[in-house]
Amino acid sequence: MEKLRIGVIGVCGRGTLAENWKDNERAEVVAGMDIKEEHLADFRARMVEHVFVTLNYRELLDRKDVDAVAIMSPDYMHEEHAVAALDAGKHVYLEKPMAITIEGCDRIIEAQRRSQKKLMIGFNMRCHNMWRTMKDIVDSGTIGEIKAVWVRHFVGRGGYFYYHDWHGRRANVTSLLLQKGSHDIDQIHWITGRYTKRVAAFGGLDFYGGNKPNDLHCPDCEERRTCTEASFVRLTQCAKRSEIDVEDNNVMIMELEGGIKAAYLQCHFTPDYHRNYVFIGTEGRMENSEPDGVVWVKTRRSNSWKELSDRTYVIKKAAGTHGGCDPVICEEFLDYVLEDKKPVATPIDGRMAVAVGVCGAQSMRSGGVPIDIPPLPSCAVGYD
Ligand SMILES: NC(=O)c1ccc[n+]([C@@H]2O[C@H](COP(=O)([O-])OP(=O)(O)OC[C@H]3O[C@@H](n4cnc5c(N)ncnc54)[C@H](O)[C@@H]3O)[C@@H](O)[C@H]2O)c1
């Protein structure tokens with residue numbers, strides 16, 4: 001295969017990631033599918049004039065000139081699109097979260113096993129210089145064996161990202177613990193090298209939602225000049241509308257394999273944006289500051305030859321969207337399919353992040369009871 005020929009399902013919004021495969025030595029974007037004509041017109045303008053476009057994803061999957069499919073549709077369509085694409089014999093790049101139920105993830109894994117095609121999950125944060133540095137520090141053993149993790153995700157502009165459209169409803173996402181949180185949960189799994197076994201959570205809808213009509217849009221609202229959440233670009237459904245039912249304030253505790261204890265906060269109404277990660281091991285502690293672009297490492301004082309100085313790593317800013325992750329993950333997908341290199345994240349990683357988010361939501365909605373993460377399906381045994 002000279003170039004990987006890619007079809008995109010869901011061409012706007014996250015679908016713009018596909019621009020990294022345009023003018024690429026190893027890839028070309030040959031087709032796009034969306035439910036909106038205007039999004040397909042926009043896609044065609046951004047890609048090449050002769051790109052195939054359709055409103056029916058099965059037409060895209062039927063095409064012999066599509067080797068791989070990038071699925072960037074909303075979460076609630078991931079399972080249907082991924083299973084169909086794998087069954088059609090296509091390699092798949094699937095955006096996070098893998099699906100909105102554990103069973104949905106397991107059905108995708110089964111489809112992958114059936115088709116033997118390649119499936120990578122879009123955990124682009126694994127490609128970020130800051131978290132790659134943190135992973136390297138843990139793997140080097142500098143802070144010893146990890147015993148405790150504390151992750152706080154202050155989602156500044158959470159209203160804009162999650163409460164002005166489909167993201168605000170359980171029916172579409174299950175919970176923001178797996179929609180937004182699957183990145184953080186995955187980073188905890190990836191950096192420690194351990195999956196979660198058990199969770200308990202508390203949460204609430206403490207800021208968004210309310211009693212506004214479901215068909216109200218910010219540009220038509222009489223409170224548009226004074227509402228702090230008013231939005232006039234792209235996503236404009238009222239963030240105080242009554243149908244909103246996903247928690248905006250989530251606190252979860254997790255027990256991982258190897259006895260690691262983790263705590264996770266995800267709050268959507270903070271003024272600033274910051275993902276703050278802390279890892280504590282038997283030899284030291286590591287913490288990042290996303291706004292300052294640094295990672296600090298402090299090691300235990302011991303009077304032994306092993307004693308190390310405290311260190312600050314200054315993280316290089318990378319070019320490209322999402323702090324430079326996006327161009328990297330697109331290249332990694334090509335490496336995986338064309339060169340048989342390891343994928344950035346496997347379907348098992350995707351499923352485990354969803355499982356933790358689903359069980360966290362279940363716990364949160366039943367008074368904080370601890371819930372065990374269901375085991376992987378039998379077809380996943382032996383999956384590398
Ligand atoms: N990894 C990341 O950093 C990252 C960032 C943003 C979004 N995402 C993921 O990308 C996905 C899309 O999110 P978004 O914010 O771009 O959503 P969106 O609502 O903007 O939709 C993306 C595109 O999918 C199209 N679409 C909607 N329903 C469809 C359907 N049934 N079939 C085909 N296309 C459909 C939309 O018209 C749009 O063009 C989500 O699963 C989200 O979690 C990942």
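The values are calculated or read from the model by the stated rules, or taken from the named source; none is laboratory data. If you're wondering where the values come from, they're calculated on a predicted model, not measured in any experiment. Backbone-built Cβ (ideal geometry, glycine too); neighbour counts: all protein chains shown.
Remark: pairs (first residue in the stretch 265-285, farther than 12 Å from F154 by Cβ and at pLDDT below 95; second residue outside any strand (DSSP E or B) and of a type in the set (V, I, T); Cβ separation under 6 Å; 6+ apart in sequence or on different chains) = E283/I143; G284/I143. Pairs linking a residue in the stretch 66-77 that is under 17 Å from V51 (Cβ atoms) to a residue that is basic (K, R) and within 6 Å of the ligand (Cβ to nearest atom), with Cβ atoms under 9 Å and 6 or more positions apart or on different chains, are M72/R14.
Among the residues that make up the stretch 42-51, is at least one of them of a type outside the set (A, V, I, L, M), over 27 Å from G324 (Cα atoms) and either within 24 Å of the chain's Cα centre (by Cα) or surrounded by fewer than 19 Cβ atoms within 10 Å (Cβ to Cβ) (or both)?
Going residue by residue through the stretch 42-51, those that are of a type outside the set (A, V, I, L, M) are 42-44, 46, 49-50.
Then keep just the ones that are over 27 Å from G324 (Cα atoms); that gives 49-50.
Remaining after also requiring either within 24 Å of the chain's Cα centre (by Cα) or surrounded by fewer than 19 Cβ atoms within 10 Å (Cβ to Cβ) (or both): 49-50.
Yes: the stretch 42-51 contains one or more residues that are of a type outside the set (A, V, I, L, M), over 27 Å from G324 (Cα atoms) and either within 24 Å of the chain's Cα centre (by Cα) or surrounded by fewer than 19 Cβ atoms within 10 Å (Cβ to Cβ) (or both).
Would you mention how many residues in the stretch 1-43 are away from the ligand (no atom under 13 Å from the Cβ), without any contact (Cβ under 8 Å) to a residue 60 or more places away in the chain and part of a helix (DSSP H, G or I)?
Taking the stretch 1-43 as the starting set, the residues that turn out to be away from the ligand (no atom under 13 Å from the Cβ) are 1-6, 19, 21-30.
Still in the running and without any contact (Cβ under 8 Å) to a residue 60 or more places away in the chain: 2-3, 19, 22-23, 25, 28-30.
Restricting the remaining residues to those that are part of a helix (DSSP H, G or I) gives 19.
Of the residues in the stretch 1-43, 1 are away from the ligand (no atom under 13 Å from the Cβ), without any contact (Cβ under 8 Å) to a residue 60 or more places away in the chain and part of a helix (DSSP H, G or I).
The selection criterion, being in a loop (DSSP other than H, G, I, E, B) and acidic (D, E), holds for E247. Is it true that M130 is more than 22 Å from R170 (Cα to Cα), within 16 Å of the ligand (Cβ to nearest atom), in contact with a strand residue (DSSP E or B) (Cβ under 8 Å, 6 or more places away or on another chain) and not basic (K, R)? Taking the combined requirement at face value, the residue satisfies it.
Entry remark, the stretch 230-242: residues being within 16 Å of the ligand (Cβ to nearest atom) and either under 23 Å from A148 (Cβ atoms) or in contact with a Gly (Cβ under 9 Å, 6 or more places away or on another chain) (or both) number 4 in total.
What is the residue count in the stretch 344-384 for residues that are farther than 18 Å from N24 by Cβ and in a loop (DSSP other than H, G, I, E, B)?
Of the stretch 344-384, the ones farther than 18 Å from N24 by Cβ are 345-384.
The next check asks that each one be in a loop (DSSP other than H, G, I, E, B); those that pass are 345-346, 365-370, 373-377, 381-384.
Counting residues in the stretch 344-384 that are farther than 18 Å from N24 by Cβ and in a loop (DSSP other than H, G, I, E, B) gives 17.
Looking at V294, is it closer than 21 Å to N129 by Cβ and in contact (Cβ under 8 Å) with a residue 12 or more places away in the chain?
yes
Please verify whether the stretch 354-364 includes one or more residues that are in the same structural domain as N249 (by TED's automatic domain parsing), without any contact (Cβ under 8 Å) to a residue 12 or more places away in the chain, more than 16 Å from K96 (Cα to Cα) and surrounded by 15 or more Cβ atoms within 10 Å (Cβ to Cβ). The answer is yes, given that some residue of the stretch 354-364 is in the same structural domain as N249 (by TED's automatic domain parsing), without any contact (Cβ under 8 Å) to a residue 12 or more places away in the chain, more than 16 Å from K96 (Cα to Cα) and surrounded by 15 or more Cβ atoms within 10 Å (Cβ to Cβ). Taken across the stretch 97-112, residues that are more than 11 Å from I9 (Cα to Cα), away from the ligand (no atom under 11 Å from the Cβ) and either part of a strand (DSSP E or B) or not assigned by TED's automatic domain parsing to the domain that holds Y336 (or both) do not occur at all.
When the residues of the stretch 67-81 are narrowed to those that are within 11 Å of the ligand (Cβ to nearest atom) and of a type in the set (G, A, S), which ends up nearest to S175 (Cα to Cα)?
Start the filter on the stretch 67-81 by keeping residues that are within 11 Å of the ligand (Cβ to nearest atom), which leaves 70-78, 80-81.
Next, only the ones that are of a type in the set (G, A, S) stay: 70, 73.
Values: A70: 23, S73: 17 Å.
Only one residue tops the list, namely S73.
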